[in-house]
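Report on the following structure.
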Amino acid sequence: MDKTYNHKENEARIYELWEKNKVFEPNLTKGKNTFSIIMPPPNANDPLHIGHARFVAIEDILIRYHRMKGDVTLWLPGSDHAGIETQFVFEKKLKEKGESRFDYDRETLYKMIWDYVSKNTGAMKQQLKQLGASCDWSRHKFTLDPEIIKIVYQTFKRLWEEKKVYRGEKVVNYCTFCGTAYSELEVNHIERMDPLYYVKFPKANRGHITIATTRPETIYVDTYLAVNPKDKRYKNLKSEKILNPLSNNEMKIIEDSFVDPEFGTGIVKITPAHDFNDEEICLKHGIPSIQVVGTDGKIMNVVPEKYGGGEYIKEARRKVVAELEKEGLIEKIDQSYKHVIGVCYRCKNVIEPMPMMQWFIKMESLAALGLKAIKDKKVKFVTKKYEKVAMHWLTNLRDWNISRQIVWGIRIPAWKCQKCSQWTITDGETPKKCSECSYRKLVQDIDTFDTWFSSGQWPFATLKTTKKGDFEYFYPTTVMNTAYDILPFWVIRMIMLSLYVTGKVPFEEVLIHGLIRDKQGQKISKSKGNVIDPIGMVEKYGSDSLRMGLVWGALTENDVSLSEDNIRGQRNFANKIWNASRFIQDKKGNGEKREDKEFYKHLEEVKKLVTKNLDSFKISQATESVYTEFWHWFCDECIEKCKKGELSEKALREGLVVFLKLLHPFAPFVTEAIWSFGYAQDPRHFDSPILALAKWPL
């Protein structure tokens, strides 16, 4: 063994050793326990970020542990086409070249994104290997693999046939910058300050009433005002004739308990085409809905140019306010009004609710399946607070609009008849005639599926399309591990869709982990300039050092603060493992001492502690206990006792073998390198030529 451990000389060689010996490929042996994880597929649009590195560290620790325990272990890797996220990233790259998605036809743009993703997927695989991910690459899947798409189509067709899918016009969340609709789950809700305009609405005889609004740009098309029926201030308002201050049309007054008497003046204007609450009132009271904002983010021509017609919302609002002020119809403007708005989770621009024709899945029965599975403990959450979060979302789901107005993704297999306007749904093949009237001229919908609709089928779609017998052997999988920020996006959808298609839950346990923050506790982002490049850290300090830093110092379910100092400190630990092993390597391993009994007793306690923590998914506790016991007990105490002749070399050597096994899931490269030297020197103490396949010390 060299004097110092050089990760650059060892890590690639060791990973090649594992792959050559097919360490990561499970042997489907009957009667053995199974342990399986379907990897959350990283987005195939950019290099891996530090968040990916954390889930790799957590999942690889569990996988290596169960493989050594003798379980038939599968970690199935994949990559996600990621729909709007990938198209968004690609469009930013086009913008850097002075280009736009509008410069290309649909087929050309799709091919360009495909080539970009294919190139990046290869790089992503290599990065996962650098992180030490012991996943079975022979089973790698991509969300746009033809066989995966086939399953997605089959699910959609079944939902359609069972009348759980419909196409209709409803108010949806729309991003005018990304040019697509979203479901409620993909909208980030933030609190911010906006002006609240107090506008005078004239009475036909004389005087006025005042209403407060953050959206004066829609006033021209508004025809209804609403008050709370219990608000005594306005019990006679319905007998008044109120005029729209811009159009001069009469405003109708309705009463609805949804109106908050404490907001503004207690009177609100109703804009059903651009507000979800207003849409519900519209349906309840039969109020007509007039769209005023187009998909381009501009006020439509139903509004005169004078009041912002043809302008973007911000400019239209300025024009309307200027006109109202000119006519003396602005009573006051509250510049400090704090409220919650929806923004696009990708580009962060304000979401514009608007009526659109979309494909929807009815969620009531699917959500009921998910709720029952959680209540019946068919799916268990390691951290109970996340079980409550999941159940909250499942209880409050609206129908899910699954159509997206983008090029990149799985195109919806729906064809519209040019004669009867009915839709024909297939499981992928192009229909020859209309399913309703047999007319032969059909046009396919240009929308694509929400990426979460396809990734929501990931657990069963992957196992049904990998190797023969995988689905029967590994489904349901053992654990789903992912970050808490995509619990509502992904986890609950996998539970619902898997139960619907297979009748079984997709996984038995849900292990949610926190996000990575910098040493000041701030969220890591490019804009803050605190990004930590995981591959850069691997190249500088070694994979083991990064992995240990990612699971050290915080409970798995909590956010973890990470800095280069943390990673550098864990490199010192890797060096400690190496140096202690070099010292023990020179010992002959002879003799026994009276103190050995206490040594073996404590060693058993260490084995039980680490095993217990890993069995209960306490990753950070397992990491810290094996770290502390190796450094402060085994090295600081036991090696020193051996030097003084108070502990036998035999005990020390056997203790090292145990610790190499205990440490391997956390620091696989340095421990495998040491094991290889030890096995080559004296195989009697080693039960396998490859540590990754050695038996866990039970």
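Of note:
- Rounded to 10°, Cα long-axis angle of helix 83-96 versus longest principal axis of the chain: 80
- Taken over the chain, the alpha-carbon convex hull comes to 191 cubic angstrom per residue.
- In a DSSP loop and with at most 12 other Cβ atoms within 10 Å, the GluC sites (Glu not before Pro) in region 406-475 are Glu429.
- Here's the picture: charge each Lys and Arg Cβ at +1 and each Asp and Glu Cβ at -1 in the chain, and of Ile50, Thr86, Val382 the one pushed furthest to the positive end of that dipole is Val382.
- Note on Lys314 and Asn301: the extension gain reaches 3.1 nm, defined as 0.36 nm multiplied by sequence separation minus the Cα-Cα distance.
- For the pair Met357 and Lys8, label points projected 7 Å from Cα toward Cβ lie 6.1 nm apart.
- Electrostatic dipole magnitude of the chain [Cβ: Lys, Arg +1; Asp, Glu -1; Cα centre; debye, to 20]: 820
- Antiparallel content of DSSP bridges confined to the chain, in %, to 5: 70
- Rg to Rh, two decimals, where region 184-344 supplies the alpha carbon set and Rh follows Kirkwood: 0.94
- Square roots of 5 times each gyration tensor eigenvalue, C-alpha, region 551-693, largest first, Å: 26, 17, 15
- Ile486-Asp636 FRET efficiency (beta carbon distance; Förster radius 60 Å; 0.05 resolution): 0.90
- Each of Ala667, Leu656, Pro683 was scored by the projection of its Cα onto the charge dipole of region 626-689, and the greatest displacement toward the positive side belongs to Pro683; charges sit on the C-beta of Lys, Arg, Asp and Glu.
- Calculated diffusion of region 108-221, Stokes-Einstein form, Kirkwood radius summed over Cα pairs, 10 °C and 1.306 mPa s, µm²/s: 76
- Rounded to 10°, Cα long-axis angle of helix 668-681 versus longest principal axis of the chain: 20
- With neighbours defined as other Cβ atoms within 10 Å of a residue's Cβ, the residues Glu217, Glu564, Glu162 order from fewest to most as Glu162, Glu564, Glu217.
- Ranked for footprinting exposure by Cβ neighbours inside 10 Å, fewest first, Tyr439, Tyr182 give Tyr439, Tyr182.
- Tilt relative to the chain, helix 146-161 - C-alpha long axis, 0 to 90 degrees, to 10: 40
- For region 206-365, averaging the sequence separation of C-alpha pairs within contact (under 8 Å, six or more residues apart) and dividing by the residue count gives a relative contact order of 20 percent.
- Violating pairs (Cα-Cα greater than 19 angstrom) within the set Lys235/Lys284; Lys170/Lys252; Lys30/Lys607; Lys32/Lys618; Lys385/Lys618: Lys235/Lys284; Lys170/Lys252; Lys30/Lys607; Lys32/Lys618
- Cβ charges +1 (Lys, Arg) and -1 (Asp, Glu), total dipole of region 275-397, debye: 1080
- Here the residues Ser616, Ser247, ranked from fewest to most Cβ neighbours within 10 Å of their Cβ, fall in the order Ser616, Ser247.
- Cβ charges +1 (Lys, Arg) and -1 (Asp, Glu), total dipole of region 551-693, debye: 460
Read-outs: derived from the displayed coordinates by stated rules, not from any lab. Only a predicted model underlies this, so the values are computations on that prediction, with no experimental measurement involved. Because the Cβ atoms are built from the backbone with ideal geometry, glycine has one as well, and the counts that use them run over all protein chains shown.
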